[in-house]
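Novice: Right, I'll just put the structure down here and ask away after.
The values are calculated or read from the model by the stated rules, or taken from the named source; none is laboratory data. Since the structure is predicted, the reported quantities are computational estimates derived from the model, not experimental observations. Note that each Cβ is placed from the backbone with ideal geometry, even for glycine, and that neighbours are counted across all protein chains shown.
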Amino acid sequence: MTKRVVVTGLGVVSPNGIGIPSFLHAIKNGISGIKFMPRYEELNFSCRLAGMPDFEWEKLINYISEVTFHGLKGTNIAYGLTAALDAWADSGMDYETDEPRWETGCVFGNSIADTEAMKNVIIRVDNKEAKKLGSRVVEQAMNSGVTSYISGRLGLGNKVITNSAACATGSQAILMGYEYIKHGYAKRMLTGSTEHVDTYVYGAFDSMRVLSRKFNEHPEQASRPMSLTAGGFVPGSGAGALVLEELDFALARNAKIYAEVLGGSSNSGGQRQGGTMTAANSTGVIRCIREALASSGVNAGQIDLISGHLTATNADSKEIQNWSDALKRSGNDFPLINSLKSMIGHCLSAAGSIESVAAVLQIAQQFVHPNINLEDPDPEITNRISVNCLPVDMIKKEINIVAKANFGFGDVNSCLILSKYN
Amino acid sequence: MTRTEILNELKKVFAPYTTNKELLSKINDDTDLIRDLKINSANLVDIIIDAENKYNIEIDFDAADKMINVGSCIDVIREKLEQKNVEYR
């Protein structure tokens, strides 16, 4: 007997808002979180913009002990911890516990440790001063640093996993948490992902010539998914977190329910049939979307809204084509589709979780957030789907079912089907 | 440096690693770092590194093993400070 899984808590550290009230206001009003980064100009990067959260480091002391705070350097961990603990509090639960919470686990995604923080480690070791590194480096260098901090703070005693699947990480984490509850292994899973694009990771993307470079003077216009003048993505940082619970378990404690996770799929195109390290195999993408629908018991015709991956690269039109082929819907029959990246850039490992938080909020509050910077939709896209499917203003509308997908380097795909809780 | 001077300085070294500030203000030679101050054993190396930097001394592995309570920490630091003064002469 499989279980129903609902979302009972949300937390977010987004370039355009930290905390749910601020984030909700931003996505309803199309507020951009893209900023000019003077440091990137000094470093001779071609793109000098980033979606960077207005994160106040000192506020971490409200979440963790002074001892833990002292020596915490990993920005990725700080973002993830903040989003996860906010989601936990939002679901109406206390942080403190003496006994481990055996019924609750965690799947939280991460890409790499904060290289800027690790630079200090490299310098010391090269100076033959390894002895001076202290006890706090390993726990922050390890990829599971973020889940270790989260699960330790909350005493989570079920499965604790750090997943990593490039840009598909966030939606994959939520899917893994969902599956674990659905099959009865846990009652509750804290899921999400985090990303801090430090200058070294940023520089490597810059060198690939995949970043936006024509809008350095106009940061808020630089992230332009589906636009004819899109010229690459803007890297973003942040974290998103969702508390998932078995329905009966949530009802028993009178938890508020934002939405239901109906199902999903995660696969790979195998880097075959046109799929490569950096490009998606369309057959894999289409299979992933169709498997997600099948696992949810939902027909393609029931999708009201697609929260796309849509990064503002030349892959956008291909993505639209894949959605259209997977759903067998086009023209005016195509669902509404939006890309949060137009406001916050591409938050890489955190993209899927921040965008899923946005998707859940759109279901809970029955609206569709705008695509900003879409005055000039790419004709390759509007040849396939109606321009009416591309909202540029917030729409108030009945939203029952949302498909949320992300596609990552390594030709990996993840798709979630989220629904209004009935 | 007298034992009292070192003790007062040590309170500052311990401060980031214990949440029990009240007990910290009352520590004496017998206060155990892990049992009484509830310092995480992994953080003992950080305390040693901070003490090395503060007093500009080097605390070797054997000396570090002795730093279990406040009294033994003071003993080790005094000993290392004296060695340093001898070397300077």
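Novice: Please count how many residues of segment A:139-184 are out of contact with any helix residue (DSSP H, G or I) (no Cβ under 9 Å at 6 or more places or on another chain) and in a loop (DSSP other than H, G, I, E, B).
Specialist: The total comes to 5.
Novice: Right, something else. Is it true that residue A:231 is assigned to a loop (DSSP other than H, G, I, E, B) and surrounded by fewer than 17 Cβ atoms within 10 Å (Cβ to Cβ)?
Specialist: In short, no.
Novice: Only one of these is assigned by TED's automatic domain parsing to the domain that holds residue A:295, part of a helix (DSSP H, G or I), within 20 Å of the chain's Cα centre (by Cα) and over 25 Å from residue A:111 (Cα atoms): A:372, A:337, A:354, A:363. Name it. Please lay out each step first, then the result.
Specialist: Details: A:372 fails: part of a helix (DSSP H, G or I); A:337 fails: part of a helix (DSSP H, G or I); A:354 fails: over 25 Å from residue A:111 (Cα atoms).
Checking each option against the conditions leaves just A:363.
Novice: Would you pick out the residues in segment A:311-331 that are out of contact with any His (no Cβ under 6 Å at 6 or more places or on another chain) and assigned to a loop (DSSP other than H, G, I, E, B)?
Specialist: Correct list: A:312, A:313, A:314, A:315, A:328, A:329, A:330.
Novice: Test of understanding: among A:144, A:111, A:148, which residue is farther than 29 Å from residue B:54 by Cβ and within 14 Å of another protein chain (Cβ to nearest Cβ)?
Specialist: A:148
Novice: Among (1) among the aliphatic types (A, V, I, L, M); (2) surrounded by 15 or more Cβ atoms within 10 Å (Cβ to Cβ); (3) within 28 Å of residue A:235 (Cβ to Cβ), where does residue A:123 come up short?
Specialist: (2)
Novice: What pairs come up if the first residue lies in segment A:369-394 and is within 20 Å of residue A:340 (Cβ to Cβ) and of a type in the set (Gly, Ala, Ser), the second is at pLDDT 95 or above and part of a helix (DSSP H, G or I), and their beta carbons are under 8 Å apart, counting only those six or more places apart or on different chains?
Specialist: Note: no pairs meet the criteria.
Novice: Same structure, new question: Does residue A:21 satisfy the criteria of being more than 14 Å from every other protein chain (Cβ to nearest Cβ) and in contact (Cβ under 8 Å) with a residue 12 or more places away in the chain? Outline the logic, then answer.
Specialist: Values: more than 14 Å from every other protein chain (Cβ to nearest Cβ): yes; in contact (Cβ under 8 Å) with a residue 12 or more places away in the chain: no.
Taking the combined requirement at face value, the residue does not satisfy it.
Novice: Continuing with the same structure: Just give me the residues in segment B:37-73 being more than 10 Å from chain A (Cβ to nearest Cβ), part of a helix (DSSP H, G or I) and among the aliphatic types (A, V, I, L, M), in sequence order.
Specialist: B:51, B:63, B:64, B:70
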